[in-house]
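Report on one structure; see the data block that follows.
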Amino acid sequence: MDQQNDLAEPGMGHNLRFVSLDVDGRVVLDANIFREYLGEEIAGLVARKAELLGSVSRVPATIADDETSRKVADLVKLIAACIKNAEADRVARKEPFLEGGRVIDGVFRGITEPLTRAKTDVERRLTLYQREVAEAERHRREEVARAERAEAERLAREAAEAEAAAQTEADVDEAISADALAQQRGADAVAAQRAAEAKPAELSRQRSDFGAVASLRRFWDMEGLDRDTIDLNTLRPFLPLDALEKAVRSFIRSGGRELRGVRIFENTATSVR
């Protein structure tokens, strides 16, 4: 018997008919078969749910007397018991799968975590090197830009001197040519300065023999968070509502009863035991 059939037709004491192997030999779960299997296993709970919901449908929209109130309280208790039983059954049935998931996570963490630490370490080293590369390239480009500016200024002075000293038509033509050359060099100096102000990614970009491209990316970072002095008013638009609600409820549990921006009030709700 092959491995597929071994899984599809397990021996006594096992019920794995909803498990099979895919074309790559990996264990997979047939959701439809598994759902059908669960339906058979919890048929009693499903029937009890239907029975209780039927009782709920007969509860009057408004409870007007003590006898009805007592019956409804009993119904609530029965529903709570069914929910508790269903949750306990769910947890028990799910635990083997969770344990399998934990085993899988642990095995794969044994692969990914050391690799992640190694990746972080070599990326740190690469970052330090690329910062040096980018700084050196920026200095080189700044030197080029300074040289271009100096040459443009020299040519501009010579063009101005030639224009001032021009006596003949040929002298004028020569002065015009000198001025055009000075303007072009000035444009080259501007381009060189822009190149020196390039982003770190452009200054550090390198491509490996296998196609990997490494470059610095620029981003804003933070450190030294102090919850006692941080400016919460500035952060207000960026705080998610659920985080604010959690903070307010913690404030209430600690005894807080007055807080600007929210109404804190005493409430009541039925508790059936």
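Bear in mind that the values in this text are calculations on the coordinates, not laboratory data. Nothing here was measured: the structure is a model prediction, and the numbers come from that model. Note that each Cβ is placed from the backbone with ideal geometry, even for glycine, and that neighbours are counted across all protein chains shown.
Place a +1 charge on the Cβ of each Lys and Arg in the chain and a -1 charge on the Cβ of each Asp and Glu, then give the dipole magnitude about the Cα centre in debye, rounded to the nearest 20. Before the final figure, lay out the partial values.
On the way: 43 positive and 51 negative charges, 423 e Å.
That gives a dipole near 2040 debye.
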*Pairing the Cα long axis of helix 66-165 with the longest principal axis of the chain, what angle in degrees results, from 0 to 90 and rounded to the nearest 10?*
0
*Would you work out which of Ala152, Asn233, Leu126 lies farthest towards the positive end of the dipole of the chain, given +1 charges on the beta-carbon of Lys and Arg and -1 on that of Asp and Glu, about the Cα centre?*
Asn233
*the range 134-273 - percent relative contact order, Cα under 8 Å, separation 6 or more*: 21
*Angle between the Cα long axis of helix 31-41 and the longest principal axis of the chain, 0 to 90 degrees, nearest 10?*
30
*Provide the three semi-axes, in whole Å and in decreasing order, of the ellipsoid equivalent to the range 124-273 as defined by the square roots of 5 times the Cα gyration tensor eigenvalues.*
67, 24, 13
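So what's the net charge close to Ala195: Lys and Arg +1, Asp and Glu -1, counting the other residues with Cβ under 12 Å from its Cβ?
On the way: positive: Arg138, Arg140, Arg141, Arg194, Lys199; negative: Glu137, Glu142, Glu143, Glu148, Asp188, Glu197, Glu202.
That works out to -2.
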*What angle, in degrees between 0 and 90 and rounded to the nearest 10, separates the Cα long axis of helix 169-196 from the longest principal axis of the Cα atoms of the chain?*
30
*Measure of size requested: the Rg and Dmax of the range 47-208, with Cα atoms as the atom set and Å as the unit; please supply both.*
41.4, 123
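For the chain, compute Rh as the Kirkwood radius over C-alpha pairs and then the Stokes-Einstein diffusion coefficient at 25 °C and 0.890 mPa s; write the answer in µm²/s, rounded to an integer. Walk me through the numbers on the way to the answer.
Numbers: Rh = 29.9 Å.
Once the numbers are plugged in, D ends up at 82 µm²/s.
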_Give the lysines whose C-alpha is closer than 18 Å to that of Lys94, dropping any in the same chain fewer than 8 places away, or say none._
Lys84
*asked:* Pairs of alpha-carbon atoms within less than 8 angstrom and 6+ residues apart define the contacts here; what relative contact order does the chain have, in percent?
replied: 12
*Mind listing the long-range amide H neighbours of Val262? Cut-off is under 5 Å, sequence gap 5 or more, other chains count too, H placed in the peptide plane at 1.01 Å from N.*
none
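At 222 nm, what helix-only mean residue ellipticity would the chain give, in deg cm²/dmol to the nearest 500, using -39500 (n - 2.57) for each DSSP H run of four or more? Let's see the in-between values first.
Values: 8 runs with 182 residues, N = 273.
Calculated mean residue ellipticity at 222 nm is -23500 deg cm²/dmol.
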